[in-house]
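First the structure, in the form of structure tokens, and then the observations on it.
The values are calculated or read from the model by the stated rules, or taken from the named source; none is laboratory data. These numbers were taken from a predicted model, which means no experiment stands behind them. Here the Cβ positions follow ideal geometry from the backbone for every residue, glycine too, while neighbour counts run over all protein chains shown.
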Amino acid sequence: MNQIVELKDVTVSYRENVALKNISLNIEKGSFVAVIGPNGAGKTTLLTAINGIGNILSGSVKVFGLDINSRIRREIGYVPQSLSIDPRSPISVRDVVMIGRSSKIGLFRYPNRKDIRIIESAIELVGIKELSHRPVGHLSCGEQQKVALARALAQQPDIMLLDEPTSNLDLRSQKEIIDLIDKIYQEKELTIIFVTHILSHIPASCREVIFMKRGCIIWSGGVDKALNEKLLSDLYDCPIKEIKKEYV
Ligand SMILES: Nc1ncnc2c1ncn2[C@@H]1O[C@H](COP(=O)(O)OP(=O)(O)OP(=O)(O)O)[C@@H](O)[C@H]1O
Ligand SMILES: [Mg+2]
């Protein structure tokens, strides 16, 4: 087995709030995993733990078989639930995308032609070319979400952690971004962990789903088995009758 992410008995807490309880999880290189579960289940905390920025109380997180360090973090592209940019910040969209690339360029180095091409291509792929000189703090939530995705793409990471990447997008952009994520996964040798609340947004290439509830992984398995009324009703503690499979 070629495990790229390994969590062993990981507990994460924010003071008295235990957000992850003894989580163990192995993710194979090249897999595409969706994570679903109610608000507060620990999905974002799981991604931050993998990204090495969580407050880990006990247990171990290994990526590429190693403890997280700055070299490994360069290979992890993280698209957060929201960008949290100060609206007064003058930093432009292009600069933010360039920051994604800077982990590959190195500190105090200028981007070369290839880096510029990668930055431009990430901006174009996500469809934000016309925004590229605007201050990112002036953008709408959905526009900022696209910038975060372009930043992660410019990094050309081995692992992408996507935290509800379509939550603020309009209907057309949702479909475009899901298709883009799918395409990138198929073209590059990526491992993707994708958090969503919208089951129809699970991209077609995704093969495995993890259910999280109250800080625990309560179920994992194939997409077809996951889209089951009984399992989903138990996960959300409410009757779930209609399961849309638009993109699945
Ligand atoms: N900075 C924080 N300080 C204190 N508690 C926190 C903090 N961040 C998260 N928590 C708590 O940790 C738990 C898990 O939060 P997390 O953000 O991982 O949930 P989530 O599954 O991503 O939820 P959502 O679907 O709403 O995004 C929640 O109970 C939350 O209140
Ligand atoms: Mg979250």
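Per-structure values
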read-out	value
Odd one out for GLY30 among (1) within 12 Å of ligand 1 (Cβ to nearest atom); (2) surrounded by fewer than 17 Cβ atoms within 10 Å (Cβ to Cβ); (3) touching a residue at least 60 places away in the same chain (Cβ under 8 Å)	(1)
All strands (runs of 3 or more DSSP E) inside region 1-101 with 1 or more residues being closer than 26 Å to ASP182 by Cα and within 16 Å of ligand 2 (Cβ to nearest atom)	32-36, 76-79
Members of region 191-200 found to be crowded, with 20+ Cβ neighbours inside 10 Å and farther than 15 Å from ASP163 by Cβ, listed by number	THR191, LEU199
Close pairs (6 angstrom Cβ cut-off, 6 or more residues apart or separate chains): part of a loop (DSSP other than H, G, I, E, B) in region 109-135, of a type in the set (S, T, N, Q) anywhere	HIS133/SER92
So LYS183, is it without any contact (Cβ under 8 Å) to a residue 12 or more places away in the chain and either within 16 Å of ligand 2 (Cβ to nearest atom) or not assigned by TED's automatic domain parsing to the domain that holds SER102 (or both)	yes
Out of GLU164, GLU208, sole residue that is in the same structural domain as PHE32 (by TED's automatic domain parsing), within 16 Å of ligand 1 (Cβ to nearest atom), in contact (Cβ under 8 Å) with a residue 60 or more places away in the chain and acidic (Asp, Glu)	GLU164
ARG134 being surrounded by fewer than 16 Cβ atoms within 10 Å (Cβ to Cβ) and either among the polar types (S, T, N, Q) or touching a Gly at 6+ places or on another chain (Cβ under 8 Å) (or both)	no
Only listed residue being surrounded by fewer than 18 Cβ atoms within 10 Å (Cβ to Cβ), in contact (Cβ under 8 Å) with a residue 24 or more places away in the chain and of a type in the set (A, V, I, L, M, F, W, C), chosen from LEU57, LEU46	LEU57
Where VAL5 falls short, out of the listed (1) within 20 Å of THR196 (Cβ to Cβ); (2) within 16 Å of ligand 1 (Cβ to nearest atom)	(2)
Candidates HIS133, HIS138 - the one that is modelled with pLDDT of 95 or more, more than 16 Å from ligand 1 (Cβ to nearest atom) and not assigned by TED's automatic domain parsing to the domain that holds LEU25	HIS133
Pairs where the first residue, in region 82-100, is in the same structural domain as LEU131 (by TED's automatic domain parsing) and more than 13 Å from PRO111 (Cα to Cα) and the second is surrounded by fewer than 20 Cβ atoms within 10 Å (Cβ to Cβ) and among the basic types (Lys, Arg), C-beta under 6 Å, 6+ apart	VAL93/ARG134
Counted residues, region 11-22 - those being of a type in the set (Val, Ile, Thr) and surrounded by 23 or more Cβ atoms within 10 Å (Cβ to Cβ)	1
Hey, ALA152 in the same structural domain as MET98 (by TED's automatic domain parsing), within 16 Å of ligand 2 (Cβ to nearest atom), surrounded by 19 or more Cβ atoms within 10 Å (Cβ to Cβ) and touching a residue at least 12 places away in the same chain (Cβ under 8 Å) or not	no
Among residues of region 71-111, those that are surrounded by fewer than 15 Cβ atoms within 10 Å (Cβ to Cβ), of a type in the set (Asp, Glu) and either touching a strand residue (DSSP E or B) at 6+ places or on another chain (Cβ under 9 Å) or within 21 Å of PRO165 (Cβ to Cβ) (or both), counted	0
